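Read the figures in this text as sums done on the coordinates, not as results from a lab. These numbers were taken from a predicted model, which means no experiment stands behind them. Every residue, glycine among them, receives a Cβ derived from its backbone with ideal geometry; neighbour counts consider all protein chains shown.
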Amino acid sequence: MAPRHTARLAQALILAVFLGLAALLATTTAEHLAQRGIRSGFDFLLEPAGFALGESLLAFEPEDTTLRAFAAGLANTLRVALPGVVLALTVGILTGFARMGDNPLLRGLASGAIDAFRNVPLLLQLLAWYFILTDLLPAADAALRLGPGVYLSKSGLALPWWGEQGFETPEIAGFGIEGGARLTPEYLAMLLGLVLYSAAYIAETLRGAVEALPPGQRLAALAMGMTPRQAFLLVVLPQAWRAALPPVTSQLLNLFKNASLAVAIGYPDLVSVAGTSLNQTGRAIECLSIVIAVYLLLSLAAAALSRHLEARSLRGSHE
Amino acid sequence: MYRLLTSPRARARIGALALAALACVAAPAHAGKTLDGIKSRGQLACGVSTGVIGFAAADSQGQWRGLDVDVCRAIAAAVLGDASKVRWVPLSAQQRFTALQSGEVDILSRNTTWSLTRDAALGLHFAGVTYYDGQGFMVAKKSKVSSAKQLKNAEICVQSGTTTEKNMSDYFRAQGVKVKPVVFDKFEPSIKAFFSGRCQAYTTDASALAFIRAKEAPNPDDYTVLPEIISKEPLAPAVRRGDDEWFAIVKWTVNALIEAEELGITQARVDGLKASPDPAIQRFLGVGEDLGKSLGLDRDWAARAVKAVGNYGEIFNRNVGADSPLKLPRGLNALWNKGGILYAQPLR
């Protein structure tokens, strides 16, 4: 057999053994659960959830199924992770530039911020942001008015938005602010924490990539009559970006996974919904495997996208 | 290649691997062996909460104290003759059932509500109620809310992993009122968020509300517990299914603690009462009939349990009642002949 075929066969064999083990594990676990009178299966997903969610992008009522609760949890995860990715990239690149720039004040600030956000565990940062927001902001009935219909309070940031009665302007009423759209303190703290933490890593990655480039590249560009700015933007940055892309995308992937800390500060993400469902139904293995499967799929999709981006950025560099 | 897979050695190897993997998932269940296991280990493995003062919490010397803790100590005294031979396993709400199902603990004594789903679908047996609780709400006095029905559109802080979220949602659906839960996985952030003013109300079992108001509030007088009790929360210790002998021991130790109060047998008087002419007391203390034999224990089991932790009334007062910082009234947890609903099945 050609070595290639042997390798293929070996791989297939390893896969078969692995799948066999997984199947054995699954059937034996199911058997043991049955022996002990523990109900198992995914039928609970179609039963009414029975609990409410504090906020949800996807309309959700307690009468809806548990499956829909998981979907609403996933939507909430994406609601914080997707804007998080865009903002982290933006803030990270800007901070990276500031860190490498000529302005000593900006450089110092950027470097201090990077050190602070990279070196404190994310969970602590999230709790800190959350309690800063809820402690410092005024109660809902004394909300700060930032503009027409824009209020900031312990209940969050209220904005004019389309609601059940068409375009609504938030107003102070009852227990809080009603009408329009609202970004809760849980959501804001989550977004802020994730963005700053990831941005600090991205900024450092970028600086590393720029500094790893042979200095000759920049000097050659300057010798050809480019301004320092042109040399940076046209010669240094495109090459550094290529080197930085894999670690930056992996950092953005981490942001997705870190979004699972949301339950610590009361944001109803996928993990939070799974935790509540687990307790209502007792289906521990089922609820956790759903979370694992969803995160695996998200990560694989993001990894495929990042490979595609890397391939595109490398195109033309090896002609 | 095919031959390789089916060769006895390869199969043995795969088999061993599979067994190792399975061992991580589930240790085999031995019916009727829980007591043997406890005796050979010399220790009762007791699953408790990670810290609810009054029910189970480690004090400043690292000693576990509380009503749930005393139930385990009573069982250790009855079974092993020594109330201190307990291995405490603090469990989160999410971990607790799995820990019991998988055999990590022999008993779950962790302010756990006895409900149909849990009883029927989780492979557990609940062994008798040790505290009748119910869910309530706490609000800031300045909000001028005097009834849970006024909480329309309120945001309510709650700790996840309990029956609380569903009760709350059921209650407000029945009232036709919408509220927004803010769900935390840990206790501390959930109460910190409430006291910072993030939520207009906090909900959990009434016993815990009393503790939170007394011990965690910046100023207890600024907060009030609303009159509505929206659920029944009979808190009960649980054991695994499949070991009826062990189930009986736990069930009857709980009954014995209550019966001791009915009979007036206290921690201090338990030795002196051995001379009592009352046949019920004699039976209880193993002076006359030997009730322990039918449980697989010796005749002093119940006397030892009471000597270790006192009767139910003493346990209640010490941990959550008049002699504790919580100062909870007996309420439903008084004896059936003293205005409560606590009733021991007869020990005879």
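Structure notes:
- Mean Cβ neighbour count within 10 Å, used as a protection proxy, ranking A:17-28, A:255-266, B:131-142 highest first: A:255-266, B:131-142, A:17-28
- Chain B: relative contact order as a whole-number percent, Cα under 8 Å and 6+ apart: 20 percent
- Rg over Rh for segment A:54-96 works out to 1.24, both radii taken from alpha-carbon positions and Rh defined as the Kirkwood radius.
- Peptide B:198-210 shows a mean partner chain C-beta count of 2 within 10 Å per residue C-beta.
- Candidates B:73, B:87, B:173, ranked by Gaussian network fluctuation over chain B, Cα under 10 Å, top entry: B:173
- Among the residues of B:177-189, the average count of other protein chain beta-carbon atoms within 10 Å of the residue beta-carbon is 6.
- Taking label positions 7 Å along the Cα-Cβ direction at both residue B:98 and residue A:118, the computed distance is 3.4 nm, reported to one decimal.
- Structural size metrics of segment B:68-138, computed from C-alpha coordinates, are Rg and Dmax of 13.3, 42 Å.
- With Rh defined as the Kirkwood radius, the inverse of the mean 1/r over Cα pairs, the Rg/Rh of chain A is 1.06.
- Residue-averaged 222 nm ellipticity for chain B, from DSSP H runs of 4+ at -39500 (n - 2.57), nearest 500: -11000 deg cm²/dmol
- With 28 Å as the limit on Cα-Cα distance, the pairs of B:39/B:232; B:293/B:338; B:149/B:232; B:232/B:338 that go past it are B:39/B:232; B:293/B:338.
- Hydrodynamic radius (Kirkwood) for segment B:135-231, which is based on Cα pairs only, to one decimal in Å: 13.0 Å
- Excluding same-chain neighbours fewer than eight residues apart, the aspartates and glutamates reachable from residue B:33 by a Cα-Cα span under 12 Å are B:106, B:243, B:244, B:245.
- Prolate/oblate/rounded call for the protein assembly as shown, Cα gyration tensor, a/c under 1.5 rounded: oblate
- The stretch between residue A:285 and residue A:142 holds 46.9 nm of extra length on full extension. This uses 0.36 nm per residue minus the Cα-Cα distance.
- Spin-label zone in segment A:156-187 - amide nitrogen under 20 Å from a point set 7 Å from the Cα of residue A:59 along the C-beta vector: A:161-169, A:178-183
- Shape summary: chain B maps onto an equivalent ellipsoid whose semi-axes, from the alpha-carbon gyration tensor, are 36, 33, 16 Å in decreasing order.
- By the compact-protein rule of thumb, 2.2 N^0.38 Å, the alpha-carbon radius of gyration of segment A:200-319 corresponds to a ratio of 1.56.
- Estimated inter-spin distance, residue A:164 and residue B:322, nm [label 7 Å along Cα→Cβ]: 5.2 nm
- Only helices enter the 222 nm calculation for chain A: every DSSP H run of n ≥ 4 contributes -39,500 (n - 2.57), and dividing by all residues gives -22000 deg cm²/dmol, rounded to 500.
- Taking 18 Å as the straight-line reach from the Cα of residue B:215, the aspartates and glutamates in range (excluding those fewer than 8 positions away in the same chain) are B:59, B:188, B:205, B:323.
- Within straight-line cross-link reach of residue B:274, lysines at Cα separation under 18 Å, skipping those fewer than 8 residues along the same chain: B:307
- FRET efficiency estimate (nearest 0.05) - Cβ-Cβ, residue A:82 to residue B:152, R0 30 angstrom: 0.35
- The listed peptides A:245-254, A:304-313, A:276-285, ordered by packing as a protection proxy, come out as A:276-285, A:245-254, A:304-313 (highest mean of other Cβ atoms within 10 Å first).
- Listed residue (B:201, B:247, B:342) projecting farthest to the positive dipole end of segment B:199-348, Cβ model: B:247
- Peptide A:266-279 is shielded by partner chain Cβ atoms: per residue, an average of 5 of them sit within 10 Å of its Cβ.
- Mean separation of Cα contacts under 8 Å, 6 or more apart, over the residue count of segment A:18-111: relative contact order %: 15 percent
- Coupling constants for segment A:268-276 follow from the phi torsions by the Karplus curve (6.51 cos²θ - 1.76 cosθ + 1.60, θ = phi - 60°), and in residue order they are x, 8, 4, 5, 4, 4, 4, x, 5 Hz; glycine and proline get x.
- In percent, rounded to a whole number, the relative contact order of segment B:135-231 is 48, using alpha-carbon pairs under 8 Å and six or more apart.
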